[in-house]
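The next block holds one structure in the form of structure tokens; read it before the comments.
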Amino acid sequence: MAKITYIAFDGTVYDIEAREGTTVMENAVRNSVPGIEAECGGACACATCHVYVDPDWVEATGEPQPMEEDMLDFAQDVQPNSRLSCQIRVTAALDGLIVRVPESQG
Ligand code: FES
């Protein structure tokens, strides 16, 4: 298990124990974190699972793949630490990960 902290647009903190092999998006949806709609169900085709990865965790989560980069063009208020949470797979190395939901998804 890995603990993931989601910070909603209004500052509400959701600490979630995530199973390895699941995605950051799946855990948000399962725990009703507001602002993570995940309309495409994780197919990297909607950009409604957009999050900002905490700067301390950007390296551990890695670079987005080209398909994710393309889809991020459809997200609002994209920043250098923007990711689609359905494309971040939970591993033990991500224990303690912090992500924020963009205000535009509030
Ligand atoms: Fe659709 Fe992530 S859930 S792109």
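The values are calculated or read from the model by the stated rules, or taken from the named source; none is laboratory data. These figures come from a predicted structure and were not determined experimentally. Every residue, glycine as well, gets a Cβ built from its backbone with ideal geometry; the counts of neighbours run over all protein chains shown. The accessibility values were calculated without ligands, DNA or RNA, using every heavy atom of the protein model including side chains. Shrake-Rupley method; radii C 1.70, N 1.55, O 1.52, S 1.80 Å.
Shown here for the chain: GluC sites (Glu not before Pro) in loop regions (DSSP other than H, G, I, E, B) with at most 13 other Cβ atoms within 10 Å, namely 20, 39. Distance between the 7 Å Cα→Cβ label points at residue 3 and residue 79: 2.3 nm.
Expressed to the nearest 5 percent, the antiparallel share of DSSP beta bridges inside the chain is 75 percent. Calculate, for residue 40 and residue 15, the FRET efficiency according to 1/(1 + (r/R0)^6) with r their C-beta to C-beta distance and R0 25 Å; round to the nearest 0.05. The calculated FRET efficiency here is 0.45. Applied to segment 98-105, the Karplus parametrisation 6.51 cos²θ - 1.76 cosθ + 1.60 on θ = phi - 60° returns per-residue 3J(HN,Hα) values of 10, 10, 10, 8, x, 4, 5, 9 Hz, with x for Gly and Pro. A 1.4 Å probe run over the chain, with the rest of the protein chains in place, finds 53 Å² accessible per residue. Computed over the chain with a Gaussian network model linking Cα atoms closer than 10 Å, the most mobile of 62, 42, 96 is 62. Remind me, relative contact order of the chain in percent, using alpha carbon pairs under 8 angstrom and six or more residues apart? For the chain, the relative contact order is 42 percent. Using a probe of 1.4 Å on the protein chains alone, the accessible area found for residue 82 is around 10 Å².
Using a 1.4 Å probe over the heavy atoms of the protein chains, calculate the carbon and sulfur portion of the accessible area of the chain as a whole percent. Carbon-and-sulfur percentage of accessible area, whole number: 47.
For segment 16-23, backbone phi angles converted through the Karplus equation (6.51, -1.76, 1.60; θ = phi - 60°) give residue-by-residue couplings of 10, 8, 10, 7, 5, x, 7, 10 Hz, Gly and Pro being listed as x. Within the listed set 86, 40, 49, the residue fluctuating most in the Gaussian network model of the chain (springs between alpha-carbon atoms under 10 angstrom) is 40.
Given their separation in residues at 0.36 nm each and the Cα-Cα distance between them, residue 56 and residue 104 gain 15.0 nm when the chain is fully extended. Note on surface exposure: 6, 52, 14 rank 14, 52, 6 by accessible area, highest first, 1.4 Å probe.
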